[in-house]
1. Quick check: net charge around residue 140, other residues with Cβ under 12 Å of its Cβ, Lys/Arg +1 and Asp/Glu -1?
2. Would you mind telling me which residue in 209, 235, 222 has the biggest mean-square fluctuation in a Gaussian network model of the chain, where springs connect alpha carbons within a distance under 10 angstrom?
3. Tally Lys and Arg at +1 and Asp and Glu at -1 over the other residues with C-beta under 13 Å from the C-beta of residue 51: what net charge comes out?
4. Restricting to Cα pairs below 8 Å that are 6+ residues apart, what does the relative contact order work out to for the chain? Please round to a whole percent.
5. Could you identify which residue out of 53, 63, 208 has the top mean-square fluctuation in a GNM of the chain using Cα springs shorter than 10 Å?
6. GNM on the chain, C-alpha springs below 10 Å: top fluctuator among 89, 171, 58?
7. Using the structure shown, list the pairs from 134/159; 56/138; 138/159; 137/263; 159/263; 150/263 with a Cα-Cα distance above 27 Å, or answer none.
Amino acid sequence: MKPANGLALKTTFVAFKGRALYHCAPSPHNFLSFRARVELPILMSVTIKTPEAQDKMRAAGQAAASVLTMIEPHVKPGVTTGELDRICREFVEGPLGCVSATVGYTAGGSRPPFTGAICTSVNHVVCHGIPGNKVLKKGDILNIDVTVIKDGYHGDTSKMYFVGEPTVLARRLVETCHQAMIQGIEQVRPGARLGDIGHAIQQLAEAAGYAIVREYCGHGIGLVFHEDPQVVHYGRPGTGFELKEGMTFTIEPMLNAGRAAVKELPDQWTVVTKDHSLSAQWEHTVLVTRDGHEVLTLRDGAL
Ligand code: MF3
Ligand code: CO
Ligand code: CO
């Protein structure tokens with residue numbers, strides 16, 4: 001197959017999967033049950049990044065990470081999510097010299113264009129919260145998710161913030177979710193399988209009594225925002241797609257304090273827990289290296 005450009009070599013794999021998820025599917029449930037019934041083989045196209053492409057992914061990852069560090073002191077009671085977005089967008093388009101991957105994003109044309117340079121997901125909002133006039137208050141938990149494009153390549157990362165002091169329950173959920181993401185990342189090396197990542201996350205999360213969101217998953221990333229493979233956050237060890245050096249993808253588990261079920265609001269973006277229980281998410285972009293992995297979106301060297 002012809003490389004997508006001089007930097008990214010495209011390799012095509014045929015993989016048989018019983019289920020598949022679209023990161024941003026309009027009605028994932030219909031899609032899922034259809035797949036589950038007929039068990040269609042799915043053609044996957046996973047890109048292997050050359051060393052030059054890896055350098056660009058590293059630069060994009062570091063740019064994205066710096067947004068999350070920059071915004072930290074602004075996350076305080078009284079600030080609106082729209083104000084946080086304005087500050088992040090000015091930083092991305094100004095000093096970072098990047099383009100926001102989310103402003104105007106339509107997920108393949110199926111949704112109204114997203115308006116934020118960040119997603120702001122507060123408390124029971126699972127993901128894709130739209131920045132606006134929501135005022136943060138003491139005790140809220142907030143996920144900020146940012147994706148930037150630098151030199152054509154995407155860097156995608158998110159973290160949780162506490163607005164003032166969190167409750168004991170909220171802190172435990174947020175810390176468990178962070179640990180689950182780390183356990184998933186630690187599985188990444190050539191020869192490991194996606195099921196190893198999912199399993200590690202699921203083990204830790206469910207042992208702590210939390211539910212894993214199934215409708216949204218991590219994803220391959222590069223010149224394209226959401227590319228193959230789909231990285232689900234549950235699974236069985238030794239199963240699924242095999243990792244190879246040069247692949248880049250995100251790991252971004254979402255854990256709910258209550259039940260796993262989620263629903264999308266009429267704005268066609270905001271995803272909330274059906275039972276309104278608290279939800280947390282962390283995300284990194286990861287590169288498969290010769291002997292393990294490199295987290296491209298570390299903040300000051302930390303996960
Ligand atoms: N950054 C999200 C992800 O982790 C996707 C956000 S799409 C948006 O894949 F339009 F909601 F911003
Ligand atoms: Co992502
Ligand atoms: Co993201």
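Since every read-out is calculated from the coordinates, none of them should be taken as a lab result. Computed from a prediction, not measured in an experiment: that's the story for all the values here. Because the Cβ atoms are built from the backbone with ideal geometry, glycine has one as well, and the counts that use them run over all protein chains shown.
1. Charge balance in the 12 Å sphere: +3.
2. Ranking 209, 235, 222 by mean-square fluctuation puts 209 first.
3. 0
4. Computed value for the chain: 20 percent relative contact order.
5. Maximum among the listed residues: 208.
6. Its mean-square fluctuation being the largest, the pick is 171.
7. Exceeds cut-off: 56/138; 150/263.
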